[in-house]
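What follows is a short report on a single structure.
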2 protein chains.
Amino acid sequence: MYGKRPDMTVHQVEPFNAEPPRAALAASTITPLDVFYCRNHGPVPEADPETWRLEVAGLVTTPLSLSLDDLRTRFPVATETATLQCAGNRRAGLVEVRDIPGEAPWGPTATATATWTGVRLADVLTAAGVSPSASDVEFLGVDVSDIADPPQEFGGSVPLRKAGMPEVLLAWAMNDEPLSPVHGAPLRVVVPGYIGARSVKWVRRIEVRDRPSANFFQASTYRLLPPDAEVTATPGEGVELGLVAVNSDVLRPDDGSSHPAGPVAVAGYAFAGGDRTVARVDVSTDGGSTWSQAELDEQVSPWAWRRWSITVDLPRGDTELLARAWDSSAALQPERPEHVWNPKGYVNNSWARLRLHGT
Amino acid sequence: MYGKRPDMTVHQVEPFNAEPPRAALAASTITPLDVFYCRNHGPVPEADPETWRLEVAGLVTTPLSLSLDDLRTRFPVATETATLQCAGNRRAGLVEVRDIPGEAPWGPTATATATWTGVRLADVLTAAGVSPSASDVEFLGVDVSDIADPPQEFGGSVPLRKAGMPEVLLAWAMNDEPLSPVHGAPLRVVVPGYIGARSVKWVRRIEVRDRPSANFFQASTYRLLPPDAEVTATPGEGVELGLVAVNSDVLRPDDGSSHPAGPVAVAGYAFAGGDRTVARVDVSTDGGSTWSQAELDEQVSPWAWRRWSITVDLPRGDTELLARAWDSSAALQPERPEHVWNPKGYVNNSWARLRLHGT
């Protein structure tokens, strides 16, 4: 479906929500298109690129209505390699602590890295002329979600300071291929370092505002509620998610797999959003008493994950392998999923835990 | 000494290193000058503001040599309220885990907030003309430290992207008073959101570079070493510190204090650096089984801590009060000091723990 590998874990067919096997994500720093996770909140729109217009409105001096040709010809083309990560990535680890009804139990592969090509949002905003009173930039897609109350287009905003940074793109290509419908064709936002929900697909309207978006998917969901909160659609409750906290997981070997006792090659990813990058990854096979530092792959871009690898000595019997990352602010992932459990199951960035069996 | 309260905890007289009692720091959002912690690496220089020059050199098209009058007259005056936090803040909690020889056992008050006035570094850099090959901006003071090997002026750098942000100041005033000698008179750098070490005092040279500073205090220290590393002065080992991870502590009541059982007013601070702010603070009196959310004071600036308060019900006998903060990336402080222990004792951002006795 939608050009994806047949072995994706499909959490939902409509809207289409799917993630790849760990091993598929482990294979490369830039994720192939057929492996890249899909997170949708409504049906995938069928858009005609010939008639597509992007409206730029709100607190601007010159509202714009731009065709794809306008974008390509009026602004310099820009390319960034960036990791996207769903706020629900690794929710399965929270579900093991306590059930999270109505939310998909995403594993650790609702994250992936692509090279995105388009124009810089900053250039488009400059052309529109941002008013001094502006503080936030909202993106609206065309995909109407009936998860929202009331049903509405998917949307969300980022602070103007972020919107004006050169890494934020309006993209029409992914890994040098035209965007596919499921990834937002003909045009999507890419906000590196922010939760995937802010990289709005099928973007048709940009609204410059003096406050954050009131869209359901920002004001009423994608929020960190305290553990004892009831899940309601009341806007403004809990902490608005946006920047991505440091996180990591193991991609190889698979959870629950058996191997001959002795050296086992372990590989994974670590990612930190915002102005941070991954600085160190530690692995333990003795419950965290001692840690070894993994080898970090090259940092291919300030906005990309770092893949890591290490060989561990697997004993006979059952072993829990732990992995934890530190970012460039010296922030460490919290130890246990119990510490970060929340009613909507977002941002499980507790230490990675993998069950291995040595034979 | 140096205009500080008589009840400061003086870790070292020369260089002067001192922090205030918890209760003194608790009294206000903007820290009075006599309460603000002091972290020095060499003797406090005696500088003549009349002859002071700031050199701007390196990868610039127009090297500058600026008097204080030049700064005041050539550039717009700017003011920011920002929290500074020493990378060694809360080291005492790490020392309880394992001794850290040769480093002061700072408590939780090596952090404070002031309103800084000066000019924007960005404006000065624009006047100098930054070369396209530049990536970092280094600051050098006049204070020669014999802690360094070889002895050298204290210095450090931040990425050019940060240096160009409007919140980074060259400051001559602190809380509307002229900078005092111990805080960097006549001119210091203020880099909001970064460890205090990057807010170089007595700054006399700014060098635009194509790599981070090679100064001892960036290349060889203020680095997060793995727990089993030996402490050496070899440049480049461990993780370079810079951005501040989310942290918090209790300021009132005092650690180890006794109170009648029943309601006790608890207050503290929480801080997150970089592009993050504090989003939530939780307090527990049952070892972390249940948590209550503290009331957060106003966010007075994106670069300032948030003070918090809550009333807890103190039982008779000994209670360990826990506090932990979440930042706007949904990052949570790690649970235990054992998790973050490192040989130089930096960045103890584990949960705050306060021993209270109910009578």
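Please go through the residue pairs A:K344/B:K162; A:K162/B:K4; A:K201/A:K344 and name each one whose alpha carbons sit more than 31 Å apart in this structure.
Where the Cα-Cα span goes over 31 Å, the pairs concerned are A:K344/B:K162; A:K162/B:K4.
Starting from one equal scatterer on each C-alpha and no solvent at all, send me the Debye-based log10 I(q)/I(0) for the stretch A:1-102 at q = 0.16 Å⁻¹, two decimals.
These q points yield log10 I(q)/I(0) values of -0.98.
So if I place +1 on the C-beta of Lys and Arg and -1 on the C-beta of Asp and Glu, and nothing else carries charge, what would the dipole magnitude of the stretch B:90-229 be about its Cα centre? I want it in debye, nearest 20.
Value, rounded to 20: 300 debye.
What number, in nm² with one decimal, is the all-direction average of the projected area of the convex hull of the alpha-carbon atoms of the stretch B:18-173?
Mean projected area of the Cα convex hull: 11.2 nm².
For chain A, modelled as a GNM with alpha-carbon contacts under 10 angstrom, which of A:V208, A:V264, A:V347 fluctuates the most?
Greatest mean-square fluctuation among the candidates belongs to A:V264.
Once the dipole of the stretch B:208-359 is set up with Lys and Arg at +1 and Asp and Glu at -1 on Cβ about the Cα centre, which of B:G238, B:S213, B:A323 lies farthest towards its positive end?
Value: B:S213.
How many percent of the alpha carbon pairs in the stretch A:247-358 exceed a separation of 24 Å?
Every Cα pair in the stretch A:247-358 considered, those over 24 Å come to 24 percent.
What is the stretch A:140-194 by shape, rounded, prolate or oblate, if you read a ≥ b ≥ c off the alpha carbon gyration tensor as root eigenvalues and call it rounded for a/c under 1.5, prolate for a/b larger than b/c, and oblate otherwise?
Judged from the Cα gyration tensor, the stretch A:140-194 comes out oblate (a/c at least 1.5, b/c at or above a/b).
Taking N as the number of residues in the stretch A:170-215, what is its alpha-carbon radius of gyration divided by 2.2 N^0.38 Å?
Here the Cα radius of gyration is 1.23 times the empirical estimate.
Hey, if you drop one equal point scatterer on each alpha-carbon of the protein assembly as shown and run the Debye formula without solvent, what base-10 log of I(q)/I(0) do you get at q = 0.06, 0.09 Å⁻¹?
Taken in order of the listed q values, log10 I(q)/I(0) reads -0.35, -0.82.
Could you check which residue among B:A331, B:A82, B:A173 shows the biggest mean-square fluctuation in a GNM of chain B with a 10 Å Cα cutoff?
Among B:A331, B:A82, B:A173, the largest mean-square fluctuation in the Gaussian network model of chain B belongs to B:A331.
In whole Å, what are the Cα extents of the stretch A:257-298 along the three principal axes, biggest one first?
Dimensions of the stretch A:257-298 along the principal axes of its Cα atoms: 41, 22, 16 Å.
Can you check what the Kirkwood hydrodynamic radius comes to for chain B, Cα pairs only, in Å to one decimal?
20.9
Could you give me D for the stretch B:209-256, from Stokes-Einstein at 25 °C and 0.890 mPa s, where the hydrodynamic radius is the Kirkwood radius over C-alpha pairs? Units µm² s⁻¹, please.
186
Using +1 on the beta carbon of Lys and Arg, -1 on that of Asp and Glu, and nothing else charged, what's the dipole of chain A about the Cα centre, debye to 20?
That gives a dipole near 440 debye.
Report, as a whole number in µm² per second, the diffusion coefficient that Stokes-Einstein gives for the stretch B:66-113 at 10 °C and 1.306 mPa s using the Kirkwood radius over alpha carbon pairs.
116
Over the stretch A:77-141, with a single point scatterer placed on each C-alpha, what log10 of the ratio I(q)/I(0) does the Debye formula yield at q = 0.16, 0.18, 0.19 1/Å?
-0.78, -0.84, -0.86
Taking a temperature of 4 °C and a viscosity of 1.567 mPa s, what whole-number D in µm²/s does Stokes-Einstein yield for the stretch A:154-310 with Rh from Kirkwood over alpha carbon pairs?
70
Show that you can apply the helix-only estimate: for chain B, add -39,500 (n - 2.57) for every DSSP H stretch of four or more residues, divide by all residues, and state [θ] at 222 nm to the nearest 500.
-2000 deg cm²/dmol
How high is the relative contact order of the stretch A:247-358, given as a whole-number percent (alpha carbon pairs under 8 Å, six or more residues apart)?
34
What is the magnitude of the charge dipole of the protein assembly as shown about its Cα centre, with +1 placed on the Cβ of each Lys and Arg, -1 on the Cβ of each Asp and Glu, and no other charges, expressed in debye to the nearest 20?
340
Distance from the Cα centre of the stretch A:191-208 to that of the stretch B:80-136, in angstrom?
First find each Cα centre; the distance between them is then 33 Å.
Which whole-angstrom value gives the distance between the alpha carbon centres of the stretch B:256-307 and the stretch A:247-286?
Computed from Cα coordinates, the inter-centre distance equals 33 Å.
Readers should treat all values here as calculations from the given coordinates under stated rules, not as data from a laboratory. These figures come from a predicted structure and were not determined experimentally. As a convention, Cβ positions derive from the backbone with ideal geometry for all residues, glycine included, and neighbour counts pool all protein chains shown.
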